[in-house]
Structures are given as structure tokens and as C-alpha cells.
1. Could we say that LEU290 is modelled with pLDDT of 95 or more, assigned to a strand (DSSP E or B) and not polar (S, T, N, Q) here?
2. Tally up the residues in the range 222-240 that are under 17 Å from THR257 (Cα atoms) and either aromatic (Phe, Trp, Tyr) or more than 16 Å from the ligand (Cβ to nearest atom) (or both), please.
3. Considering every residue within the range 292-306, establish whether at least one is in contact with a Gly (Cβ under 8 Å, 6 or more places away or on another chain) and without any contact (Cβ under 8 Å) to a residue 60 or more places away in the chain.
4. Out of LYS201, LYS195, report the one residue that is without any contact (Cβ under 8 Å) to a residue 40 or more places away in the chain, more than 17 Å from the chain's Cα centre (by Cα), surrounded by fewer than 23 Cβ atoms within 10 Å (Cβ to Cβ) and within 16 Å of the ligand (Cβ to nearest atom).
5. Provide a single number: the residues in the range 397-439 that are within 21 Å of VAL219 (Cα to Cα), part of a loop (DSSP other than H, G, I, E, B) and without any contact (Cβ under 8 Å) to a residue 40 or more places away in the chain.
6. Mind checking which residues of the range 38-57 are in a loop (DSSP other than H, G, I, E, B) and within 22 Å of ARG273 (Cβ to Cβ)?
Amino acid sequence: MTIETSVGSIIAETGQPYPYRRPEPVEPDWTRFPGWADVTTSEWESVQWQRAHCVKNVRQLRALWGDLVDESFYADLERDQAERATMSMLVPPQMLNTMAPHETPHGPGSLTEAIYADPVRRYMLPVFSERRTDWPSHPYATRDSLHEHDMWVAEGLTHRYPTKVLAELLSTCPQYCGHCTRMDLVGNSTPVIDKLKFLGKPVDRHAAMLDYLRRTPAVRDVVVSGGDVANMPWARLEDFLSRLLEIENIRDIRLATKALMGLPQHWLQDDVRAGVERVASTARERGVSLAIHTHVNHAASVTPLVARATKAMLDAGVRDVRNQGVLLNGVNADPHALLDLCFALLDGAQIMPYYFYMCDMIPFSEHWRVSVADAQRLQHHIMGYLPGFATPRIVCDVPFVGKRWVHQLSDYDHERGISYWTKNYRTSIEASDPDALTRTYAYYDPIHTLPAEGQQWWRRHADDPHEAASQAAAASRTAAAAQAVHA
Ligand code: SF4
């Protein structure tokens, strides 16, 4: 369904493009799946049980769903793992239970259609048949598409923006998302991607990060991330945060954890809640803002357990819990789905909708990515329904630039799907680059979304992407010059 038809059909039903209904979070009944028929509530709410029953391979998924799902689905998934997947399989029961949440399957094969259609499954358990066959990867797709490693000032510490840094404390998560932008580093190697490994010991790497921050008073804001901080033993994370809080220049700390949604049981543990309370109390005393940033892509993921975990964090003194979702075709790239998600977060769990990132240009992501033009249309359609402070910005993370709101581009070649962006600061690798602030930086739409002429152009030039880039840039400069003459 295109964005326009989806909006049109909703107008016909209600008189408003989006019919707001206050969402009630629901924890789907996990006993509907044969493998969990006897699982008790106390087991379900135990983080140990959840971690021990994560699905890591097709055999374990078969043990859960059995013949409720056709063998062809398992084969499709297995082929994807072997030939396309950039992330290994790791899905906690909490997330699996939000797939096909309303199905009460009756007999062999009855779950297949709902599982194929499920938005959470589409990004957590991607299958081969969903990947594009014409352009499975963009010719410019790269493993570290944001060049974060190039901007490491200590191993795992990316200094891209003038006043803020990203600290990758670890390279694992309790769940692995198929579209992960840090696929180069995060998780286990797959048959397609041999993962980069941190070389230093964690204790040395973390010390080097803190040392850099002490020496760099311009940095005031640290995203403490990974991976997912929920995979770091709490005592070690608390130790790092306590030392971070001793650095006078640090004013904002954001903990990045998709597990608040994927494994809320982690954040509901007594020792973790007590630890967050200690850290939040110190942060408050020192005038530092401590927030949690999570990653929810669909309204179905916002369950009562997620709301409880969020409330526990807010009660422990975290200033805010914000969501940074990823815009994904087949999952949420639709105005209705985005607004449902935002209201589920805001009304159902007190999570602030904050950003939606366009899916980055990593290998085999073309079936998920949307064009900048579609992202602009989506931003238009979601304006005006949410409070201004909770209206998420849809952003494009432009290589060598950083996050730009999708309307901020300086030029756009719609035929070839190349947008051009500028920036107003230097990254850590451009200190002596005189052209950094005047250069334009390119971002590329998925080729299958382009008009026929644009697709043909890429077919002619895809083998030599550097030539393609310079030709495209020259074409854009010519077009811009022509526009200037006409103006
Ligand atoms: S939780 Fe974040 S870092 Fe981990 S796999 Fe998902 S997107 Fe990547």
C-alpha cells in the first residue's frame, strides 16, 4: 500500500486522515504457541527464563511453533541466514510473543500467513523471499555505513558531533535486529559477515574513553551504548556511569537499550532498579540529565511489561525515556502505523517519541529502505496529531554528516535518487579540512523506487560506483547552476 492510498482510505472512513484511539497495551497470551503452553507468569517475568529461552536458530523456532507454521517458512528463514543475514538470530520470548499477537492457531500451517505478514517478524526474523532480487544491496552500501569507526577517538568511542560522543561499551545485545546499522561490529559473525572485534580489554577501553572525555571539555553529552547496555553486568555499568558522572563537563547521559522493549524483565530486576536509582540520584545532585533511549519499531511491541519497566525507570529517577525507531518498509513506513506507534509509546508507556531514523545503507537492506521523498511525505502526514514535544523527527543519517531532518537537504536528483546535504560542524576527522563545511554530501535512495530512467542509469553505472558518484554530482551541480540562472 502506498502512503497516499493508505491515507486516502482512512479519510473515507472517519473524516480525519488518522483516527486517534487511546491504545490499551496488551501482553499477548504466550500459551497460544505449543512450545510455551505450560509457561507460567512467574517464568515469563523472570529475566533468567527469558534469556534461557531466546530463539537462536531455526530448530528452536520449530520447537516453539512446530507445524503451525509451514516448513516453507523455516526453509525461507534458513536460506536467509545462510545467504543474506548480516545479523545472527537472537529473539527473546518477549519479542516473539508480539508476533501474530491475535492468532489462535488451529492446526498445521494455520499460523503461516500471519507470521509472514507480521511487522515485528519482518525485521527480527527476515526471510530470503523478502529481500530484493534486483538490487538486494545498494552499490554504495557498506558495512560501517556511518563511518563510525573512522571517527573513533578511543576504541569504540565515536566523536562525530562537536559536543557529543557515542560510547560503544560492548558489542552484544539481548536481541539482534536484522537491520542493525552496527552490523559490522555487533553480534556474532554470520556466513555473510565476519564481524569486527574490539581489540582492547573492556576495562582498558572504558578507561581510555573516560580519559578522552576528561581531556575534552567540549564534549558534554554521552550516549552510553553498544550493543545494548542491558547486556553489561549492572555493577560494571554502574561503575562506568559513576566515573562518567565525576567528569565536570558531562551534562547529559543517555543509556541506549532496546531491551527496555525486547527484554523489559531485565530493567524490572530489583538490583537493576536500585542501581538506576543510585545513579539517577547522583546525576540529579550534579545537575546531569540521565535518560534512557530505546528502540521500538511497532505499536505491537508496547506491552504492559514494557510500560511497567518504563515506569520503574522513571520512578527510579531517570529524567526521560525516549524512543528512536527505524523507518522500515513493511514494518512501520506508513502514517497510520507510525502514529499508532507514537500513541502507544506516549499514552501506553510514557515513552517519548523522539526520532525515526531512515534505515541505513548497509548490505541487503534495500527491501527495508524508503526514499527520502517518501520519508518527507511521512513526516508531513504525522504532523499535527501528537503534542509538538512528542512529534518525532524523521531523520536521515547522512554519511560523514550525521543526522539531518529529512527536509533539510540542499538538492535532490529525483531521477537518480541522490540527495545532497550540507553541514555546519566538523567531525573529528575533518579538523584541517577547509572544504568540510562547503562540500555537499550524497545519500542514495533505493534504486527500485526510482523511475525507469533512473534505474537504467544505475544499471549502466553500478559497476563503477565512483564514476557514478562523480557523474551524479556533476549532473547535480549543472542542474543547480541552471536553476540559479532561471532564478
Ligand atoms: S538492539 Fe540496536 S545495536 Fe542491538 S542489534 Fe538491534 S539495532 Fe543493533
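1. Values: modelled with pLDDT of 95 or more: yes; assigned to a strand (DSSP E or B): yes; not polar (S, T, N, Q): yes.
Taking the combined requirement at face value, the residue satisfies it.
2. In the first step, residues of the range 222-240 are kept if they are under 17 Å from THR257 (Cα atoms); the result is 222-238, 240.
Among the residues that remain, those that are also either aromatic (Phe, Trp, Tyr) or more than 16 Å from the ligand (Cβ to nearest atom) (or both) are: 222, 233-236, 238, 240.
Of the residues in the range 222-240, 7 are under 17 Å from THR257 (Cα atoms) and either aromatic (Phe, Trp, Tyr) or more than 16 Å from the ligand (Cβ to nearest atom) (or both).
3. Within the range 292-306, one or more residues are in contact with a Gly (Cβ under 8 Å, 6 or more places away or on another chain) and without any contact (Cβ under 8 Å) to a residue 60 or more places away in the chain.
4. Values: LYS201 fails: within 16 Å of the ligand (Cβ to nearest atom).
So the residue among LYS201, LYS195 that is without any contact (Cβ under 8 Å) to a residue 40 or more places away in the chain, more than 17 Å from the chain's Cα centre (by Cα), surrounded by fewer than 23 Cβ atoms within 10 Å (Cβ to Cβ) and within 16 Å of the ligand (Cβ to nearest atom) is LYS195.
5. Looking only at that region, the number is 8.
6. Looking only at the range 38-57, we keep the residues that are in a loop (DSSP other than H, G, I, E, B), and these are 38-40, 45-46, 53-54, 56-57.
If the condition is that a residue be in a loop (DSSP other than H, G, I, E, B) and within 22 Å of ARG273 (Cβ to Cβ), then GLU45, SER46 are the ones that fit.
The rows are residues; the columns are (1) within 27 Å of SER371 (Cα to Cα); (2) under 15 Å from the mean Cα position of the chain (by Cα).
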{"site": "PRO304", "(1), (2)": "no, no"}
{"site": "ALA307", "(1), (2)": "no, no"}
{"site": "ALA312", "(1), (2)": "no, no"}
{"site": "VAL318", "(1), (2)": "no, no"}
{"site": "VAL321", "(1), (2)": "no, no"}
{"site": "VAL326", "(1), (2)": "yes, yes"}
{"site": "LEU339", "(1), (2)": "yes, no"}
{"site": "ASP347", "(1), (2)": "no, no"}
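Here is a yes/no grid of residues against (1) in the same structural domain as ARG220 (by TED's automatic domain parsing); (2) away from the ligand (no atom under 16 Å from the Cβ); (3) surrounded by 23 or more Cβ atoms within 10 Å (Cβ to Cβ); (4) at negative phi:
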site: TRP135; (1), (2), (3), (4): no, yes, no, yes
site: ARG143; (1), (2), (3), (4): no, no, no, yes
site: ALA154; (1), (2), (3), (4): yes, yes, no, yes
site: PRO162; (1), (2), (3), (4): yes, yes, no, yes
site: SER171; (1), (2), (3), (4): yes, no, no, yes
site: MET183; (1), (2), (3), (4): yes, no, yes, yes
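The values are calculated or read from the model by the stated rules, or taken from the named source; none is laboratory data. Bear in mind that the values here come from a model prediction, so they are computed numbers and not experimental data. Heads up, the Cβs are rebuilt from the backbone with ideal geometry, glycines too, and the neighbour counts pull from every protein chain shown.
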